[in-house]
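*Asks:* Pasting a structure here, questions to come.
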Amino acid sequence: MQKYKKTTINKNQIVDIASNMKKDGRQLVMIHGYVDKEGQNVVSYQYEVKNCIEAYEVVGGKLLPTISHIYDLAAAWPEREFEELIDVKFEGLKIKGRLFMPDTMLEGQG
Amino acid sequence: MSYTIPIGPNHPSLEEPIHAKLYTEGEIIKDAEVFFGYNHRGIEKIAQERNFIQTLVLVERVCGICSHSYPFTYAMAVENISNMEIPKRGQYIRVIIAELERLHSHYLWFGIACHIIGFDSMFMHIWNVREKVMDILEEISGNRVNYAMITIGGARRDIDDEKRKKILKMIEDLSNEHNRIKDIFLTDKTIAMRTKKVGVLSKDDALRLGAVGPHARASGINTDVRKNAPYSSYDDFEFDVPVLSNGDVLARVVVRVLEFQESMKIIKQAVENLPLGAINLGVKMPKVPFGEFTARHEVPRGQLSHYLISDGGQTNYRLSIHVPTFKNAPTIPFMLRGNTIADSGLIIASIDPCFSCTDR
């Protein structure tokens, strides 16, 4: 049976949690993002812990720290995707051009 | 002499649009980059305007090869938020179709791999054998793709005794054919020369880059959602997860060859022990409460995840689909480095990429 557990965190905890998860050998399943009903960005960092997905959710940040120095491209690609799709930036993320959206598309309007 | 060689997005040898840039020195690839999005359809956004039954039809169109996997995973997410307990028979039917899909997907890939290395007679033979699986799927569901076998709360169509006998007969025939194909893959010198020590991905790189599925298992990572986080009665079946450590293209071929046998084992157990009872809960239009869930499924290419948020209304508030190719594609540049341009097509194909899934 698959399980799901959500915890709300603030943006200062993102890197610490990612480092601890990496140290424990946990896989970063995916980073998901969306805009909630109040118009705030929500970014959910989801790790696999046995049969459970542990989701750490950050609400309201427009500038978040990248975890690509911890999870490498497994984190960099979803971060790049969400920079293109919602109005959020990842501090320290190295980007070479667009991943999905055309270069002519305006920032944060995907 | 240094060259930058662009491949795609539209290129005669590519079935789907992807753009790769190879930075080469002479014949040797020094670095590479890949770009997507040439066929991005915005399915996640469209899903926000669809109700839960309509979304099953929509997500089934994400991929033309593993089309059963998408409504399967989506339905699991809806059912978990709604606390639905699926009847055993419905769970088994879902598993049978999922594993039949794995069989034909792996054979499709074996065929393409043989075609790329210039072994066209083998390509035609494999695709001929693959038709046995496609015929059974067509007989069960009426379609060769987009089987529409899933509904919220179970399976949409039953598998009767006559079809069960046909599936078991097909598995028996396929098993004999597969043994011949397996022998050729494991002993043929041409295949070994083109694939051994080509496009190597080390275990460290695979872990660091987050590779999933058979691609990760060929690099020594023991990962499989069916074992790590069992769902839909997968824990009822006895099967092994083949793991190899070489990390080259040959290892990816062999992992899939072995996995094929395990899938046949699962189908045989599921068909023989198909429980009696209802196939679904009879839900016409589910009322999904406020909540969220991430459902995962081991599709032929690796781990598929659907993150669904419901606000208690009639549509999906947010559906985020993440596919195995999105996790495996970052490994392509690392595998290409140090190999020749002539092997680049085979190395890119060795992750069994699906850009239709990635450009969901």
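This table checks each residue for (1) within 14 Å of chain A (Cβ to nearest Cβ); (2) assigned to a helix (DSSP H, G or I).
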site	(1), (2)
B:29	no, no
B:40	yes, no
B:56	no, yes
B:67	no, no
B:70	no, yes
B:73	yes, yes
B:76	yes, yes
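*Asks:* Still on this model: Scanning the range A:64-80 for residues that are free of Cβ contacts under 8 Å to residues at least 24 places away in the same chain and not hydrophobic (A, V, I, L, M, F, W, C), which turns out nearest to residue B:37 (Cα to Cα)?
*Replies:* Among residues in the range A:64-80 that are free of Cβ contacts under 8 Å to residues at least 24 places away in the same chain and not hydrophobic (A, V, I, L, M, F, W, C), the one nearest to residue B:37 (Cα to Cα) is A:80.
*Asks:* Among the residues of the range B:205-225, how many are within 11 Å of chain A (Cβ to nearest Cβ) and assigned to a helix (DSSP H, G or I)? It would help to see each step written out before you state the result.
*Replies:* Within the range B:205-225, the first condition is being within 11 Å of chain A (Cβ to nearest Cβ), and the residues that meet it are B:205-212, B:216, B:221, B:223, B:225.
Filter once more, keeping what is assigned to a helix (DSSP H, G or I): B:205-209, B:216, B:225.
Selection size over the range B:205-225: 7.
*Asks:* Considering the range B:324-336 alone, what residues qualify as being more than 10 Å from every other protein chain (Cβ to nearest Cβ) and touching a strand residue (DSSP E or B) at 6+ places or on another chain (Cβ under 6 Å)?
*Replies:* Residues satisfying the conditions are B:324, B:332, B:336.
*Asks:* For the range B:242-249, state whether one or more residues are away from every other protein chain (no Cβ under 14 Å), assigned to a helix (DSSP H, G or I) and among the hydrophobic types (A, V, I, L, M, F, W, C). I'd like the intermediate steps shown before the answer.
*Replies:* If we filter the range B:242-249 for residues that are away from every other protein chain (no Cβ under 14 Å), which is where we start, we get B:242-249.
When the remaining residues are screened for being assigned to a helix (DSSP H, G or I), the result is B:249.
With among the hydrophobic types (A, V, I, L, M, F, W, C) added as a condition, the list becomes B:249.
Within the range B:242-249, one or more residues are away from every other protein chain (no Cβ under 14 Å), assigned to a helix (DSSP H, G or I) and among the hydrophobic types (A, V, I, L, M, F, W, C).
*Asks:* Now a separate question. Specify the residue that is farthest from the other protein chains (Cβ to nearest Cβ); the eligible residues are those in the range A:34-46 that are assigned to a strand (DSSP E or B) and surrounded by fewer than 22 Cβ atoms within 10 Å (Cβ to Cβ).
*Replies:* The residue in question is A:41.
*Asks:* Could you count how many residues in the range A:9-33 are of a type outside the set (Asp, Glu), away from every other protein chain (no Cβ under 12 Å) and closer than 14 Å to residue A:56 by Cβ?
*Replies:* Qualifying residue count for the region: 12.
*Asks:* Evaluate the following for residue B:146: is it farther than 19 Å from residue B:357 by Cα and not hydroxyl-bearing (Ser, Thr, Tyr)?
*Replies:* no
*Asks:* Give just the number: which of (1) under 19 Å from the mean Cα position of the chain (by Cα); (2) more than 14 Å from chain A (Cβ to nearest Cβ); (3) farther than 18 Å from residue B:154 by Cα; (4) not acidic (Asp, Glu) does residue B:119 not satisfy?
*Replies:* (1)
Read the figures in this text as sums done on the coordinates, not as results from a lab. The shown structure was predicted, so the numbers you read here are calculated from the model rather than taken from an experiment. With ideal geometry, Cβ positions are generated from the backbone for all residues, glycine too; neighbour counts draw on all protein chains shown.
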